[in-house]
Amino acid sequence: LYLFSESPGTGKTTTAAALLNEYIMRHYYGSLKRNRQADQRPAYFLDVNAFQELYTGFTRPGIPQEVAEANSRPYYRQMQLAKTSAFVVLDDIGVRQASDGFRGDLHTIINYRCANGLPTVYTSNLPIDEMANVFDSRLYDRMRDMCAVIHFEGASKRGKR
């Protein structure tokens, strides 16, 4: 699924998190019904902005080695989980400018998931066709082919509870 809205606060992330939670519950209950051990981590939520901060924390020039190591370890662990988990949410994809290296790592995650038919929910403030500018036309074409697009309309609903 590709959930997008030009406006923030329209419920994209909340909807993606609800889908992730539903997947986890169904996985757990299904495992119990089949008398099987449920996976420890059947689904994964990746905040792409926080992921990019980790990347920046070890690739900027002049970063002390201990700081770079403290950022690179969780980065590569998160990258592996986002790539291989049975169900993944990639939240706020394409929202910030990214270096070629970071875009390459996201490309690796998305391409792996598409090639292996793994369910992925994307949230973004960009229409899906703009992913061709964020990544490249090949990856955009894979995403478009694998995704149903849902446009969230309206103004921000944050703070209205």
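Annotations
- Check on Tyr23, buried (at least 16 other Cβ atoms within 10 Å of the Cβ), at pLDDT 90 or above and over 17 Å from Ile128 (Cα atoms): yes
- Qualifying residue in region 94-108 (condition: over 27 Å from Tyr140 (Cα atoms) and in a helix (DSSP H, G or I)): no
- Of all residues in region 57-91 being in a helix (DSSP H, G or I) and among the basic types (Lys, Arg), the one that is least open to solvent (accessible area, probe 1.4 Å): Lys83
- Once region 85-107 is narrowed to residues that are of a type in the set (S, T, N, Q) and more than 12 Å from the chain's Cα centre (by Cα), the residue that is modelled with the highest pLDDT is Ser99.
- Pair list, Cβ < 6 Å and 6+ apart or interchain, from region 68-82 residues that are without any contact (Cβ under 8 Å) to a residue 12 or more places away in the chain to residues that are surrounded by 15 or more Cβ atoms within 10 Å (Cβ to Cβ): Ala68/Phe58
- Breaking point among (1) without any contact (Cβ under 8 Å) to a residue 24 or more places away in the chain; (2) open to solvent by less than 60 Å² (accessible area, probe 1.4 Å), for Glu53: (2)
- Within the span defined as region 25-38, one or more residues are assigned to a helix (DSSP H, G or I), farther than 18 Å from Asp105 by Cα and in contact with a strand residue (DSSP E or B) (Cβ under 9 Å, 6 or more places away or on another chain).
- The set of residues in region 130-150 that are touching a residue at least 12 places away in the same chain (Cβ under 8 Å), open to solvent by less than 80 Å² (accessible area, probe 1.4 Å) and in a helix (DSSP H, G or I) comprises Glu130, Met131, Val134, Leu139, Tyr140, Met143.
- Residue list for region 1-15, restricted to those being in contact with a strand residue (DSSP E or B) (Cβ under 6 Å, 6 or more places away or on another chain) and buried (at least 20 other Cβ atoms within 10 Å of the Cβ): Tyr2, Leu3, Phe4, Lys12
The values are calculated or read from the model by the stated rules, or taken from the named source; none is laboratory data. Small disclaimer: the values here were computed from a predicted structure and weren't measured. No Cβ is skipped: glycine too gets one built from the backbone with ideal geometry, and neighbour counts run over all protein chains shown. Heads up: the accessible areas ignore ligands, DNA and RNA and are worked out on the full protein's heavy atoms, side chains in. Shrake-Rupley method; radii C 1.70, N 1.55, O 1.52, S 1.80 Å.
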